[in-house]
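Student: Just passing along the structure, written as structure tokens.
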């Protein structure tokens, strides 16, 4: 998109479709990016930072005056310029309470379908036949997408601030990448991890990078998940400590 003025708030309105939010906004960068330490009334950038965003834990706690999503919405609506929201991992929880279930401190049946990872894993193991796992792949994909639908129930906020994200373990599964089975292509955890990673790419990675398209219309698999962005004097480096040990892991390295 060309012809936009720097340091300007723009509003985009979508018509003809029934959406939860049909109007969003974004603010363009200052000319040349942000300059730190300069006078002339230029403001410093403002970032909102989030991590460990477990909606299922929030539900258990009930209504709270410490609702940071509500606070951010209030700030944005009052005109506070938030330039970017940085999501630093565990942006969703595929595996809510999985550590308790694994340790025997909690039964899967007691988690009210919150532990999507555990439910999907139980489905597959009850088949007693790994060759049938792929038959349920689309069903599991949709099951995992529900985690994003439930977690990101803040459409107005997410539509009015730019978002940059990196994954951590709970976006896949607790301690993802630290267990031998996470690298084993035939394991049930790796099968589920691949599905969760595809969903991550759809919802999170697309916010900063479009997939490389092949001639047949399919997309290339990502080669890495770290990413960096430079805005004048300000640089943001997102370090991957999970996918590098699994999806991008090479034994020779």
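Student: Between 0 and 90 degrees, rounded to the nearest ten: what's the tilt of helix 116-127 against the longest Cα principal axis of the chain?
Tutor: Compared with the principal axis, the helix lies near 30 degrees.
Student: Using Stokes-Einstein with the Kirkwood hydrodynamic radius over Cα pairs, what translational diffusion coefficient do you get for region 9-245 at 37 °C and a viscosity of 0.692 mPa s, in µm²/s rounded to a whole number?
Tutor: Translational D for this selection: 164 µm²/s.
Student: Once you have a ≥ b ≥ c as the square roots of the Cα gyration tensor eigenvalues for region 172-251, tell me rounded if a/c is under 1.5, and otherwise prolate or oblate according to whether a/b is larger than b/c.
Tutor: The shape class here is oblate.
Student: A follow-up question, please. Does region 49-105 come out rounded, prolate or oblate by the C-alpha gyration tensor, with a ≥ b ≥ c the root eigenvalues, rounded set by a/c under 1.5 and, if not, prolate when a/b is larger than b/c and oblate if not?
Tutor: oblate
Student: Helix 68-77: angle to the longest alpha-carbon principal axis of the chain, degrees 0 to 90, nearest 10?
Tutor: 30
Student: How far is helix 137-151 tilted off the main Cα axis of the chain, in degrees rounded to 10, range 0 to 90?
Tutor: 40
Student: Another one. Fewest first, what order do 106, 85, 1, 94 take by the number of other Cβ atoms within 10 Å?
Tutor: Neighbour counts put them in this order, fewest first: 1, 106, 85, 94.
Student: What's the exposure ranking of 149, 179, going from fewest to most Cβ atoms within 10 Å?
Tutor: The order, fewest Cβ neighbours first, is 149, 179.
Student: What percent does the relative contact order of region 9-245 come to when contacts are Cα pairs within less than 8 Å and at least six residues apart?
Tutor: Once normalised by length, the contact order is 23 percent.
Student: With just the Cα atoms defining each centre, how far is region 148-217 from region 1-78? Give it in Å.
Tutor: Centre-to-centre (Cα) distance: 22 Å.
Student: Arrange the following residues from fewest to most other Cβ atoms within 10 Å of their Cβ: 225, 129.
Tutor: In increasing order of surrounding Cβ atoms, one gets 129, 225.
Coordinate-derived values only; no laboratory data. For clarity, every value in this text was computed on a predicted model and none was experimentally measured. A quick note on method: Cβ atoms are made from the backbone with ideal geometry, for glycine too, and the neighbour counts reach across all protein chains shown.
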